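I have placed the structure first, in the form of structure tokens, so that the comments after it can refer back to it.
The values are calculated or read from the model by the stated rules, or taken from the named source; none is laboratory data. Note that the coordinates shown come from a computational prediction; the quantities given were computed from them, not determined experimentally. Counting neighbours? That spans all protein chains shown, and the Cβs are built from the backbone with ideal geometry, glycine included.
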Amino acid sequence: MDSKLTSTAYEECVAATASIVNPAVEQWCEGGGRVVGYFCSHVPTEVISAAGLMPFRMRGTGSDGTELSDAFFSSINCSFPRHTFNLALQGGYDFLDGLVCISSCDHVRRVYDNWKRNLQTPFLTIMSLPRKVEDAQVGWYHEEISILREALGKHFDVDISDEKLWDAIKLHNRTRRLQREIYQLRKGRTPVSGAETLAIMVAATAMPRSRYNTLLEEILVELRQREPRNGYRARLMVVGGELDDPSWIETIEEQGGLVVADSICFGSREMWADIDESLEDPVEAMAKYYIQDHPSCPRMYGDQPRRREYLMNMVREFDVDGVIGERLMFCDQWCVEHYMNKADFKEEGIPFLQLDREYISSGKGQLRTRIQAFLETMGK
Amino acid sequence: MLVGGCDIGSTTGKAVVLNEKSIVSQYIVSSTTRPEETARQAMDAALELAGIASIDDLAYVVGTGYGRTKVPFANENISEITCHGRGAHWLDPEVRTVVDIGGQDCKVVSIDSRGKTVEFVMNDRCAAGTGRFFEAMARVLDCGLEGISSLENQGPNPCTITNQCSVFAESEVVTLINEGTELPDLIAGINLSVANRLFSMVKRVGLVEKLALTGGCSKNQGLAKALEKKLGVEVTTLPEDPQVAGALGAALIAKERAAA
């Protein structure tokens, strides 16, 4: 039987991931700190940090229904914005001083419209994220980031200088490097489960960044001394979008599939690349990172070959036996992508299982059946 | 040597007892609210039929189906996907595609020449294209499951049912009834709508002949006919009750384990 991670640093991450208003957020707010929520990995959170604000990635964790938000969404909207907006309507996001929405997908971008009409968060804006990843779009996003920088500075009455931006970029790059170190440990004899890793990854988006970096350092010390996981049947990789629930990964791991790698919003795509610290202009550096250097997500046009290469490299580097493609029901970004992934993995002889899920985990029995059958199919 | 397989589904529990060569006995019971109880009832009946005094006389038992972890006397549990593949393969070694339609889910399993699962797809958390759907339709049409199944009842002009959701499909059928659609065309339309759904699942794993139906709904002859027409291939008739294919597969795996 594998031991559990016991450090208080890890427990702090678990607590941050398991709820919205977690102890770290409470402490920050009690000390007079202000919090700005954001959707999607493409929001330049460095700008929020540079303004002395805490970026908080929007989730629907702990939501017990969507009856309030259902009045504002159609039946083909996915369950992530439904649950998240429902929580907001219940007052669960009243602690926010601001919210940065983004046109990441049509479901999420309409949260902005509903938010504007129904809630009174003091600062509210929406960014326009380009669909292509060429130089022209870097220019476009440079402008978007500049608009955000100015609006945040004006509303919160802070001068977001280049120096402050570089400090924030360095702080966030440090997070990325530390997180990558954890992922490096998952190659070969991995000392950390996929569920634990996801809890650690989500925590980054739900607490003050410098505090989080300190926790990561402590966790790395613990992981380096820890016995590798054993008793698993196969090494799996999870590919998909907005997955922030470690218990979903836990269900997979209870069936014997150790998740050792991923390409998900809260996972490797958050940190596989750094923002280039050698450029002159910090906004230029962020624009380039978020449009071109950040591992690609299916919302970006014409970039599937690069995503395929990313996945295939990941499979090789992490010695992956099989891949699980997850998708929230009604997610349009990931619907076609997984059919392409399936064909691509088949070509490479890598078993692939596609799973549709609801944002708040349900139907664990069906998930177990599929995972068990998948492992049996792999002869594991 | 005797071994057993026990498949606890959402609607029925199935037990199969095997010896070295063949099926000794098999039994199907309705599922109770307690999977342990369903498993006991099915297995006790199968043992009695075979004239076996005690479950202890079975060298190995494999549980499968939704209740697979709750079969009290099982040595091991294996997913029903793997078991249906194995069972169908034993019944006809030339089968490469298994369409299993149970009470609350349907799956398409692609198997190799040894009966090993290569790939599978399962319906997602919805009763469309499962036994529940047929039960609901039989209730609305007041014709019984036999009425839906019977080849004589398959009308020449199947009506179109587009809703993927069982509940909405039911409303659609009610509308068609009120518009005066003939019962046989309604029945044919219902079977066609499920065949269409299965068609896309089969296409997803890739159609390789022979194709066999297993699970409770494999007894629906109207559906088999609609699927044959849609896929353009013959649905293979299995030599044993295809409803026990899962329990049979479980028993075959049990035999392997006992011999190891």
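Per-structure values
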quantity	calculated
Qualifying positions in region B:220-246 - small (G, A, S) and either assigned to a helix (DSSP H, G or I) or in the same structural domain as B:G5 (by TED's automatic domain parsing) (or both)	B:G222, B:A224, B:A226, B:A245, B:G246
Residue in region B:9-26 that is touching a helix residue (DSSP H, G or I) at 6+ places or on another chain (Cβ under 6 Å), farther than 19 Å from B:T82 by Cα, assigned to a strand (DSSP E or B) and β-branched (V, I, T) present	yes
Residue in region B:66-98 that is nearest to B:T237 (Cα to Cα), counting only those that are facing chain A (nearest Cβ under 10 Å) and polar (S, T, N, Q)	B:T82
Unmet requirement for A:Y301, which otherwise passes all of (1) more than 12 Å from every other protein chain (Cβ to nearest Cβ); (2) among the hydroxyl-bearing types (S, T, Y); (3) closer than 30 Å to B:T64 by Cα	(3)
Any chance B:G63 is buried (at least 18 other Cβ atoms within 10 Å of the Cβ) and within 14 Å of chain A (Cβ to nearest Cβ)	yes
Check on A:E12, farther than 19 Å from A:L99 by Cα and in contact with a Pro (Cβ under 9 Å, 6 or more places away or on another chain)	yes
Selection count, region A:358-371, where residues are more than 9 Å from chain B (Cβ to nearest Cβ) and more than 15 Å from B:G65 (Cα to Cα)	3
Scope region A:25-41; condition touching a residue at least 24 places away in the same chain (Cβ under 8 Å) and assigned to a loop (DSSP other than H, G, I, E, B); matching residues	A:G33, A:R34, A:F39, A:C40, A:S41
Wholly within region A:42-140, strands (runs of 3 or more DSSP E) carrying at least 1 residues that are surrounded by 17 or more Cβ atoms within 10 Å (Cβ to Cβ) and of a type in the set (V, I, T)	A:98-102, A:123-127
Total residues in region A:274-328, condition closer than 30 Å to A:S79 by Cβ, small (G, A, S) and within 19 Å of the chain's Cα centre (by Cα)	2
Residue that is farthest from B:L18 (Cα to Cα) [pool: residues in region B:112-138 that are touching a strand residue (DSSP E or B) at 6+ places or on another chain (Cβ under 7 Å) and at the interface with chain A (Cβ under 10 Å from one of its Cβ atoms)]	B:D124
Test: residue in region A:126-143 that is in contact with a Cys (Cβ under 6 Å, 6 or more places away or on another chain) and at negative phi	yes
Residues (over 17 Å from A:V260 (Cβ atoms), part of a strand (DSSP E or B) and either more than 9 Å from every other protein chain (Cβ to nearest Cβ) or charged (D, E, K, R) (or both)) located in region A:319-354	A:R327, A:L328
Single residue of region B:201-219 satisfying the filter (outside any loop (DSSP other than H, G, I, E, B) and of a type in the set (V, I, T)) that is nearest to the chain's Cα centre (by Cα)	B:T214
Single match in A:L178, A:L216, A:L198, A:L243 (criterion: part of a loop (DSSP other than H, G, I, E, B), in contact (Cβ under 8 Å) with a residue 40 or more places away in the chain and under 17 Å from the mean Cα position of the chain (by Cα))	A:L243
Verdict on B:A39 being more than 23 Å from B:P239 (Cα to Cα), away from every other protein chain (no Cβ under 14 Å) and surrounded by fewer than 24 Cβ atoms within 10 Å (Cβ to Cβ)	no
Single match in A:S361, A:S296 (criterion: polar (S, T, N, Q), in contact with an Asp or Glu (Cβ under 8 Å, 6 or more places away or on another chain) and surrounded by fewer than 18 Cβ atoms within 10 Å (Cβ to Cβ))	A:S361
Members of region A:1-17 found to be more than 26 Å from A:P122 (Cα to Cα) and either under 14 Å from the mean Cα position of the chain (by Cα) or outside any loop (DSSP other than H, G, I, E, B) (or both), listed by number	A:T8, A:A9, A:Y10, A:E11, A:E12, A:C13, A:V14, A:A15
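To keep it simple, each residue is scored yes or no on (1) crowded, with 22+ Cβ neighbours inside 10 Å; (2) among the aromatic types (F, W, Y).
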position: B:G155; (1), (2): no, no
position: B:Q164; (1), (2): no, no
position: B:F168; (1), (2): no, yes
position: B:E182; (1), (2): no, no
position: B:I190; (1), (2): yes, no
position: B:F199; (1), (2): no, yes
position: B:V205; (1), (2): no, no
position: B:E209; (1), (2): no, no
position: B:C217; (1), (2): yes, no
